[in-house]
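For reference, the structure discussed in these notes is given below.
The values are calculated or read from the model by the stated rules, or taken from the named source; none is laboratory data. Keep in mind it's a predicted model, so treat the numbers as computed, not measured. Cβ coordinates were reconstructed from backbone atoms using ideal geometry, including for glycine residues, and neighbour counts include every protein chain displayed.
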Amino acid sequence: MARVGTMNIPLAALKIQGLLRKIDDLQLPDSSRHDVESILVRQAARELDHALPWQWGHGRRTTTLARAIGSRAGLTFDALHHLTLASLLHDIGLLALPAQLAGQHRYVDSQSYAAIQCHPRIGAQWLEPFRFLRKASVIIAHHHERWDGSGYPYGIRGAFIPLEARVLSIADAFDAIKVPDAVDQKTRNRVAYRILKVASGTQFDPSLVELCGDCLAKDKSRNRFQH
Ligand SMILES: [Fe+2]
Ligand SMILES: [Fe+2]
């Protein structure tokens, strides 16, 4: 870990911050900013894949579904852009976990769970200094809040949770759900969505779960939501 300011930041996160700093240094017209930001953040997400290999591709897959749900929810072009940046980097805070917890963030004891609960806040803290990631860092900070207020790190509920964070939490969970017995992609997605439905109204915003279902139903032939 390297010490920067008052925070210990692991080297993988510093490397990603180095990549992102390039954008804040560039003087770009607004019209080309979005493209450059997306390209660079996708590059940063690949670095994150190397550092969190047990969830390789999770950011990219989560982004595809989050954008689809966000479009259906009527998010503006600009809001979708910030949702994309947030989705690609949403788990960067996991880099702060002690090595022995790496890759075991699903089933852990209560002390370890407390450490994991910090990752949205830490990720947001690391990204917030970059001007172009300010909105994304708010979304990241809230990606584990729950509709009923029992989530983390702040325990806010319902419409108090930013809409983009509610979208991200659904796409994130959809990708993270394990369906080991699924014989094919279609079955896997069907079972994963059924599990999401069970948590609709408690963990997830029910209207967005419905929109997620619409996206999956509409996508059958295109097969965009691969796991
Ligand atoms: Fe997360
Ligand atoms: Fe995640």
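Within segment 74-91, being farther than 16 Å from SER38 by Cα and either within 16 Å of ligand 2 (Cβ to nearest atom) or in contact with a Leu (Cβ under 6 Å, 6 or more places away or on another chain) (or both) holds for one residue alone: ASP91. Taking ASP78 as meeting all but one of (1) surrounded by fewer than 16 Cβ atoms within 10 Å (Cβ to Cβ); (2) of a type outside the set (Phe, Trp, Tyr); (3) over 16 Å from VAL138 (Cβ atoms); (4) over 15 Å from the mean Cα position of the chain (by Cα), write down the number of the exception. If we test ASP78 against (1) surrounded by fewer than 16 Cβ atoms within 10 Å (Cβ to Cβ); (2) of a type outside the set (Phe, Trp, Tyr); (3) over 16 Å from VAL138 (Cβ atoms); (4) over 15 Å from the mean Cα position of the chain (by Cα), just (3) comes out false. HIS82 fulfils the conditions (1) away from ligand 1 (no atom under 16 Å from the Cβ); (2) closer than 11 Å to VAL167 by Cα except for a single criterion, (2). For LEU65, the stated conditions do not hold, so it cannot be described as in contact (Cβ under 8 Å) with a residue 24 or more places away in the chain, within 16 Å of ligand 1 (Cβ to nearest atom) and within 12 Å of PHE132 (Cβ to Cβ).
Residues in segment 133-144: is at least one within 25 Å of VAL41 (Cβ to Cβ), among the basic types (Lys, Arg) and more than 16 Å from ligand 1 (Cβ to nearest atom)? Outline the logic, then answer.
If we filter segment 133-144 for residues that are within 25 Å of VAL41 (Cβ to Cβ), which is where we start, we get 133-144.
Subset that is among the basic types (Lys, Arg): 134-135.
Filter again for more than 16 Å from ligand 1 (Cβ to nearest atom), leaving 134-135.
Yes: segment 133-144 contains one or more residues that are within 25 Å of VAL41 (Cβ to Cβ), among the basic types (Lys, Arg) and more than 16 Å from ligand 1 (Cβ to nearest atom).
Checking each residue in segment 122-132 for being more than 16 Å from ligand 1 (Cβ to nearest atom) and either modelled with pLDDT of 95 or more or not charged (D, E, K, R) (or both) picks out GLU128, PRO129, PHE130, PHE132.
Among the residues of segment 115-173, the ones that are of a type in the set (Ser, Thr, Tyr), touching a His at 6+ places or on another chain (Cβ under 8 Å) and in a helix (DSSP H, G or I) come to 1 in all. The listed residues are LEU83, LEU26, LEU14, and the only one of them that is touching a residue at least 60 places away in the same chain (Cβ under 8 Å) and either over 17 Å from HIS143 (Cα atoms) or not β-branched (Val, Ile, Thr) (or both) turns out to be LEU83.
Figure legend. Inter-residue proximity from segment 37-59: first residues within 12 Å of ILE92 (Cβ to Cβ) and modelled with pLDDT under 95, second residues crowded, with 21+ Cβ neighbours inside 10 Å and among the aromatic types (Phe, Trp, Tyr), beta-carbon distance below 6 Å, spacing 6+ or different chains. No pairs are indicated.
Scanning segment 135-143 for any residue that is in contact (Cβ under 8 Å) with a residue 12 or more places away in the chain, away from ligand 2 (no atom under 14 Å from the Cβ) and more than 11 Å from the chain's Cα centre (by Cα) turns up at least one such residue. Number of residues in segment 145-195 that are among the hydrophobic types (A, V, I, L, M, F, W, C), under 27 Å from PRO53 (Cβ atoms) and either within 16 Å of ligand 1 (Cβ to nearest atom) or in contact with a Phe, Trp or Tyr (Cβ under 8 Å, 6 or more places away or on another chain) (or both): the value is 10.
Could you please let me know if ARG21 is of a type in the set (Lys, Arg) and more than 13 Å from LEU133 (Cβ to Cβ)?
Answer is no for this residue.
Filtering segment 173-195 to residues that are crowded, with 16+ Cβ neighbours inside 10 Å and of a type in the set (Gly, Ala, Ser) leaves ALA173, ALA176, ALA192.
Going through (1) touching a Cys at 6+ places or on another chain (Cβ under 6 Å); (2) loosely packed, with under 15 Cβ neighbours inside 10 Å one by one, ILE170 falls short only on (2).
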